[in-house]
Amino acid sequence: MLCTALFALSDVASAAAETLTWQVRSEHPNTVAVEFYSQDRNAAWPGDGEVYLIRDWDTHTFKLDCRRGESICYGAWVRNQSSSYWGVGKDNARGCQRCCYVCGGGRTKTQVLNP
């Protein structure tokens, strides 16, 4: 029984053992909301209805715990104005090109959000 429990814990640990580090910089004059979405399962970062807010022009780093091989896309939008967006936009609702990376791939190139 103990062996079975340890094996099950090992599976859970290995499923979340990878990371993907995103770098995002906004050049928009307004506050921008950012969220990351798995394309392979129902998961988002930061999740639970929360978003990351960018209020300056600094490069922000987001380290996501994810599953190896999982495709993750970023969505960003001007806060309280989802018609201005980047990547997959708010709630993963839009299509995109070059806005997704694979978990376990290390660090993304800097995503620059231009007005």
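Read-outs throughout are calculated quantities, based only on the coordinates presented, and are distinct from any laboratory measurement. Quantities reported herein were computed from a predicted structural model and do not represent experimental measurements. We place every Cβ from the backbone using ideal geometry, glycine too, and count neighbours over all the protein chains shown.
Under a 5 Å amide H to amide H cut-off, with H placed in plane at 1.01 Å, what residues pair with A43 once short-range neighbours are removed?
Result for A43 returns S38.
Scan the range 37-115 for chymotrypsin sites (Phe, Trp or Tyr not before Pro) in coil per DSSP, keeping those whose Cβ has at most 12 other Cβ atoms within 10 Å, and list them by number.
Loop-located and lightly packed - W57.
Rg to Rh for the chain: what is it, with Cα atoms only and Rh by Kirkwood?
1.06
When the helices in the chain are scored as -39500 (n - 2.57) per DSSP H run of 4 or longer and the sum is shared across all residues, what 222 nm value do you end up with, to the nearest 500 deg cm²/dmol?
One gets -4000 deg cm²/dmol as the mean residue ellipticity at 222 nm.
Starting from the range 47-83, pick out the trypsin sites (Lys or Arg not before Pro) whose DSSP state is loop and whose Cβ has at most 12 other Cβ atoms within 10 Å.
Loop-located and lightly packed - R55.
Tell me the relative contact order for the chain as a rounded percent, counting alpha carbon contacts under 8 Å between residues six or more apart.
For the chain, the relative contact order is 34 percent.
Just how large is the dipole of the chain about the Cα centre, in debye to the nearest 20, putting +1 at every Lys and Arg Cβ and -1 at every Asp and Glu Cβ?
For the chain, the charge dipole is close to 320 debye.
Subtracting the Cα-Cα distance from 0.36 nm times the residue separation, let me have the gained length for T110 to A93 in nm, one decimal.
That pair, T110 and A93, stretches by 3.9 nm at full extension.
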